[in-house]
Amino acid sequence: MQSLALQIQALAGSANNTEMSDWANEGAKEIINMLPPTLLERCKDYSTLDTSPNALANIDTRGKIFTVLRNDGTVNQIAHYIDSKFNGQVTDSSSLYFATVGAPKWTIFSTFLYVYPAPTDSQPAYIEHVQYPSLDVSAVSTIDKFPDEAEYLVVLYASCKVLQNKMNEKSGSLPS
């Protein structure tokens, strides 16, 4: 199978690999955000939190969070989302938002996802989320963790952007 770059160039003509990769990444992200739940399932990835790291960084590079689990030493417990404004209450035993190993909580603050109580090596947390692809179109012919039947949409998206770029370059060089 041809690389994504060759597929894009077959539709839109030659283009810069860096630009094509940027547009393919934009297209993949946009397509993932519109996928129906059955196809979105194929875009899942998993991250584990323990003593280090104890928070999931760069949450803005990920899509939908499906599930957050925290191990209590025996069983993985489902963590419940709380708004970050209640962060201070997860350690207050008199609060409705108090987090325990049997009733863990999670929140997003800034660009980090936190699980409470904090995960440890013996009681890790598992985050099931969408991971947006990071494509170098010259090096790949398929997209990992992406529905096969939607891959061609990424090629079409990037091809449209290549053609738009060519039209912009052409309109900028019109005679006076």
Screening Ser141, Ser122 for residues that are open to solvent by 20 Å² or more (accessible area, probe 1.4 Å), in contact with a Leu (Cβ under 8 Å, 6 or more places away or on another chain) and either in a strand (DSSP E or B) or polar (S, T, N, Q) (or both) leaves only Ser141
Flagged in the stretch 33-84 as of a type in the set (D, E, K, R) and more than 19 Å from Pro124 (Cβ to Cβ), in numbering order, are Glu41, Arg42, Asp60, Lys64, Asp83
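Take Glu128 and tell me if it is modelled with pLDDT under 95 and either open to solvent by 20 Å² or more (accessible area, probe 1.4 Å) or in a loop (DSSP other than H, G, I, E, B) (or both).
Judged against the criteria, Glu128 is not a match.
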By my count, helices (runs of 4 or more DSSP H) wholly in the stretch 1-96 with at least 1 residues that are hydroxyl-bearing (Ser, Thr, Tyr) are 17-32, 37-40
Of the residues in the stretch 74-116, those that are among the β-branched types (Val, Ile, Thr) and open to solvent by 70 Å² or more (accessible area, probe 1.4 Å) come to Thr74, Val75, Ile78, Thr91
If you go through Leu69, Leu4, Leu56, the only one that is modelled with pLDDT of 95 or more and closer than 18 Å to Lys145 by Cβ is Leu4
Taking the stretch 144-163 and keeping only residues that are open to solvent by less than 50 Å² (accessible area, probe 1.4 Å), charged (D, E, K, R) and within 13 Å of the chain's Cα centre (by Cα), one is left with none
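Just checking, how many residues over the stretch 41-67 are farther than 20 Å from Pro119 by Cβ and of a type outside the set (Lys, Arg)?
Number of matching residues: 5.
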Exactly one of Ser21, Ser14 is of a type in the set (Ser, Thr, Tyr) and open to solvent by less than 80 Å² (accessible area, probe 1.4 Å), and that residue is Ser21
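Give the residues of the stretch 122-138 that are farther than 15 Å from Leu69 by Cα and not acidic (Asp, Glu), sorted by residue number.
Once the filter is applied, which keeps residues that are farther than 15 Å from Leu69 by Cα and not acidic (Asp, Glu), the stretch 122-138 yields Val130, Gln131, Tyr132, Pro133, Ser134, Leu135, Val137, Ser138.
The values are calculated or read from the model by the stated rules, or taken from the named source; none is laboratory data. Fair warning: this is a prediction, and the values are worked out from it, not measured in the lab. Don't worry about glycine lacking a Cβ; one is built from the backbone with ideal geometry, like all the others, and counts go over all protein chains shown. All accessible areas refer to the heavy atoms of the entire protein, side chains included, with ligands and DNA or RNA removed. Shrake-Rupley method; radii C 1.70, N 1.55, O 1.52, S 1.80 Å.
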